[in-house]
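Novice: Following this message is one structure expressed as structure tokens.
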Amino acid sequence: MKRSMIDFWVGIFVLIGIASMVFLSLKVANITSFGSTNNSSYTLYANFSNIGSLKSGAPVKISGFTVGRVTAIGLNSKTYQAQVVMSIDNNYHFSSDSSAQILTTGLLGEQYVGIQSGADDTMLKNNDTITLTSSAMVLEQLIEKFMTK
């Protein structure tokens, strides 16, 4: 009888461990948004000549703080640039002269969109485009420039 009780508690402990691993895996992969309380957001667009390895679901940050997510990436048929669609939380608004750049956490970490707010009084609204952009720095291109000089 004592052995079956120990087996029961070991089984419970293993199940809690597996559930914790699944939860942490989903959080790290940005597949789910547990804990997000406010689902109201607005859409911003930005065109980049090179997005590197930016993926849909990547965070949009300002000063290291996540204010939104990349919802889609496509090719702008008029300018032939990559068009990044971002969903920004309604609590955060940026001036019309804000700039967006693709940055990397660490040397080889994940890429994200960083926004730097400008000083203009007019604010970006839903479906507006950030015109001042800076493309991703590709490691291979940096090495090539270094090697050819």
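Novice: Within the range 83-92, how many residues are assigned to a loop (DSSP other than H, G, I, E, B) and either of a type in the set (Gly, Ala, Ser) or in contact (Cβ under 8 Å) with a residue 40 or more places away in the chain (or both)?
Specialist: Total satisfying the criteria: 2.
Novice: Within the range 38-45, can one find any residue that is at pLDDT below 90 and of a type outside the set (Gly, Ala, Ser)?
Specialist: yes
Novice: Continuing with the same structure: Residue by residue through the range 23-37, note down the ones that are at pLDDT 75 or above and in contact with a Pro (Cβ under 9 Å, 6 or more places away or on another chain). First the steps, then the outcome.
Specialist: Keep residues of the range 23-37 that are at pLDDT 75 or above, which gives 23-27.
Passing the criteria: none in range.
Novice: Anything in the range 75-95 that is of a type in the set (S, T, N, Q) and crowded, with 16+ Cβ neighbours inside 10 Å? List them, or say none.
Specialist: If the condition is that a residue be of a type in the set (S, T, N, Q) and crowded, with 16+ Cβ neighbours inside 10 Å, then Gln81, Gln83, Ser87 are the ones that fit.
Novice: Do we find a residue being of a type outside the set (A, V, I, L, M, F, W, C), over 23 Å from Val28 (Cβ atoms) and loosely packed, with under 14 Cβ neighbours inside 10 Å anywhere in the range 104-113?
Specialist: no
Novice: Could you go through the range 96-103 and let me know if any residue there is surrounded by 14 or more Cβ atoms within 10 Å (Cβ to Cβ), charged (D, E, K, R) and at pLDDT 90 or above.
Specialist: Checked the range 96-103: at least one residue is surrounded by 14 or more Cβ atoms within 10 Å (Cβ to Cβ), charged (D, E, K, R) and at pLDDT 90 or above.
Novice: Collect the residues in the range 120-149 that are of a type in the set (A, V, I, L, M, F, W, C) and over 20 Å from the mean Cα position of the chain (by Cα), keeping them in residue-number order.
Specialist: Across the range 120-149, the qualifying residues are Met123, Leu142, Ile143, Phe146, Met147.
Novice: Give the residue, chosen from Gly57, Gly52, that is part of a loop (DSSP other than H, G, I, E, B), closer than 22 Å to Lys27 by Cα and not assigned by TED's automatic domain parsing to the domain that holds Val28.
Specialist: Details: Gly52 fails: closer than 22 Å to Lys27 by Cα.
The unique qualifying residue is Gly57.
Novice: Of Ala72, Ala46, which residue is in a strand (DSSP E or B), in the same structural domain as Val138 (by TED's automatic domain parsing), within 17 Å of the chain's Cα centre (by Cα) and exposed (fewer than 15 other Cβ atoms within 10 Å of the Cβ)?
Specialist: Numbers: Ala46 fails: exposed (fewer than 15 other Cβ atoms within 10 Å of the Cβ).
Of Ala72, Ala46, the one residue that is in a strand (DSSP E or B), in the same structural domain as Val138 (by TED's automatic domain parsing), within 17 Å of the chain's Cα centre (by Cα) and exposed (fewer than 15 other Cβ atoms within 10 Å of the Cβ) is Ala72.
Novice: Can Tyr80 be described as part of a loop (DSSP other than H, G, I, E, B) and in contact (Cβ under 8 Å) with a residue 24 or more places away in the chain?
Specialist: Working: part of a loop (DSSP other than H, G, I, E, B): yes; in contact (Cβ under 8 Å) with a residue 24 or more places away in the chain: no.
It is false that Tyr80 is part of a loop (DSSP other than H, G, I, E, B) and in contact (Cβ under 8 Å) with a residue 24 or more places away in the chain.
The values are calculated or read from the model by the stated rules, or taken from the named source; none is laboratory data. None of these values were measured; they are calculated from a predicted model. Note: ideal-geometry Cβ built from the backbone for every residue, glycine included; neighbour counts use all protein chains shown.
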